[in-house]
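> One structure follows; several queries about it will come next.
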Amino acid sequence: MTSGTPEFGFETLAIHAGQAPDPSTGAVVTPIFQTSTYAQEAVGKHLGYEYSRTANPTRTALQQCLAALEGAEHGLAFASGLAAEHAVLSLLQPGDHLVVPHDAYGGTYRLVAQVHAPSGLEFTPTDLGDLDALATAWRPETKMVWVETPTNPLLSIVDVAAVTQFAHARGAVVAVDNTFATPYLQQPLAQGADLVVHSTTKYLGGHSDVVGGIVATSDAGLAERLAFLQNAMGGVPGPFDCFLTLRGIKTLAVRMDRHCTSAAAVADLLVHHRAVAKVHYPGLAGHPGHDIAARQMRNFGGMVSFVLAGGEAAALEVARSTRLWTLAESLGAVESLIEHPHRMTHASVVDSPLAVDPALLRLSVGLETLDDLLADLRQALDHVR
């Protein structure tokens, strides 16, 4: 089963795409091909594999599976989400202009501002929920729009189809970071985007035990260029990392259903608590992107962020008062996590236009018993005076 099997449902693809039983043993789970090199019958004559930086059968299975889940023709796996982003940004040339979200992930902003910009890439942070703002930011040199939806950590929603139509009319490509939504909740390529990027560390792996990234596309030219960069730069995942990610993907659909259900209950608790000034969750009817999210997503996701009425001191108090919610970076795994973006995941943008409110906390809602999660969060909030 390959990426060209649209007749199958999502859950079936997650379990079978790219993962036929091993022909030599009948093993139903893709083996870990823990090898760096491959025997060749003669110079230039081999079975499709020469060296594992270039290709590895376990990585091939992962790439085919993720391509199928995103409805893409091509998938390319990387050693981390940022390695995947770096490859996509390396498609651009010095003097090109990039539009990025005004509330992008801090690591993305750091990569753009401190790695690619010194080499000549121009960029503009923009509210991509406002097409007039996008038009104002546009330049003749604009070659790419980088989209996050929902964004990290403010959970803003971007209309992928509208942004893509705008960009394509002006000759630019659109890359969408789909990490928060996952391909189960949202498929940007079906809405016109050219490239989809994931940190597979998060929901796709789903168990806080592996780091990785992926790029998916149906554009053969972009795929060829990215495959060259993948091999030339060498930021590829090892076979065991690919195996762990494949294992996590098999349960993605059932996990996301539970994440979404619990996140909605958490958001409801926060909306009604006296210590909370504002809740960011696209499932709330009052969220400015609610209608777009309802249209382009299957459900609203497992991430919630909120602002404490008492400011940063209150946020830090809540963060250190939880017992079940683990204070840690990352997201999208079975355990529930709480973090303070201003000092943790988004510390790299403190002195930039993307600086995060110090009173903001971000929650990754896990798979624990919902009543336990709500009780722990409630007692932590009750600590705030």
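The values are calculated or read from the model by the stated rules, or taken from the named source; none is laboratory data. Bear in mind that the values here come from a model prediction, so they are computed numbers and not experimental data. With ideal geometry, Cβ positions are generated from the backbone for all residues, glycine too; neighbour counts draw on all protein chains shown.
> Tell me yes or no: at least one residue of segment 323-332 is charged (D, E, K, R), under 18 Å from P282 (Cα atoms) and either outside the structural domain of K202 (by TED's automatic domain parsing) or not in a loop (DSSP other than H, G, I, E, B) (or both).
no
> Which residues, counting only those in segment 103-127, are outside any helix (DSSP H, G or I) and either at pLDDT 95 or above or not assigned by TED's automatic domain parsing to the domain that holds G213 (or both)?
G120, L121, E122, F123, T124, P125, T126, D127
> While we're on this one: Select from segment 239-257 the residues that are of a type outside the set (A, V, I, L, M, F, W, C) and surrounded by 18 or more Cβ atoms within 10 Å (Cβ to Cβ) and write down the one among them that is nearest to E335 (Cα to Cα).
R255
> State whether the residues of segment 32-50 include one that is among the polar types (S, T, N, Q), in a strand (DSSP E or B) and either within 30 Å of A347 (Cβ to Cβ) or touching a Ser or Thr at 6+ places or on another chain (Cβ under 8 Å) (or both).
Yes, that holds for at least one residue.
> Further, regarding this structure: Kindly state which helices (runs of 4 or more DSSP H) lie completely within segment 171-276 and contain at least 1 residues that are out of contact with any helix residue (DSSP H, G or I) (no Cβ under 8 Å at 6 or more places or on another chain) and of a type in the set (D, E).
Output list reads 220-233, 239-249, 252-271.
> I need a count of the residues in segment 224-243 that are more than 19 Å from the chain's Cα centre (by Cα) and either within 16 Å of E70 (Cβ to Cβ) or small (G, A, S) (or both).
4
> Being touching a residue at least 60 places away in the same chain (Cβ under 8 Å) and charged (D, E, K, R) is the filter here, so list the residues in segment 41-72 that pass it.
R53, R59, E70
> Would it be correct to say that L92 is part of a loop (DSSP other than H, G, I, E, B), within 23 Å of the chain's Cα centre (by Cα) and crowded, with 19+ Cβ neighbours inside 10 Å?
Here the answer is yes, as L92 does meet what is asked.
> Moving to a separate point now. Within segment 201-237, count every residue that is of a type outside the set (A, V, I, L, M), touching a residue at least 60 places away in the same chain (Cβ under 8 Å) and more than 19 Å from E73 (Cβ to Cβ).
11
> Continuing with this model, one more query. Look through S156, S208 and report the one residue that is surrounded by 21 or more Cβ atoms within 10 Å (Cβ to Cβ) and closer than 20 Å to M303 by Cα.
S156
> Considering only segment 334-385, state which residues are hydroxyl-bearing (S, T, Y) and within 17 Å of R255 (Cβ to Cβ).
S336, S364, T369
> If I go through segment 115-124 residue by residue, how many of them are surrounded by fewer than 20 Cβ atoms within 10 Å (Cβ to Cβ) and under 18 Å from D177 (Cβ atoms)?
So the answer is 2.
> Can you name the residue in segment 339-385 that is among the β-branched types (V, I, T) and surrounded by fewer than 18 Cβ atoms within 10 Å (Cβ to Cβ) and, of all such residues, is farthest from F306 (Cα to Cα)?
Top of the filtered list is T369.
> Still on this structure: Need the failing condition index for A77 against (1) in contact with an Asp or Glu (Cβ under 9 Å, 6 or more places away or on another chain); (2) among the small types (G, A, S); (3) surrounded by fewer than 24 Cβ atoms within 10 Å (Cβ to Cβ), just the number.
(3)
> Do you know which residues across segment 339-384 are under 11 Å from S262 (Cβ atoms), not in a strand (DSSP E or B) and not aliphatic (A, V, I, L, M)?
Hits for segment 339-384 are G366, E368, T369, D371, D372.
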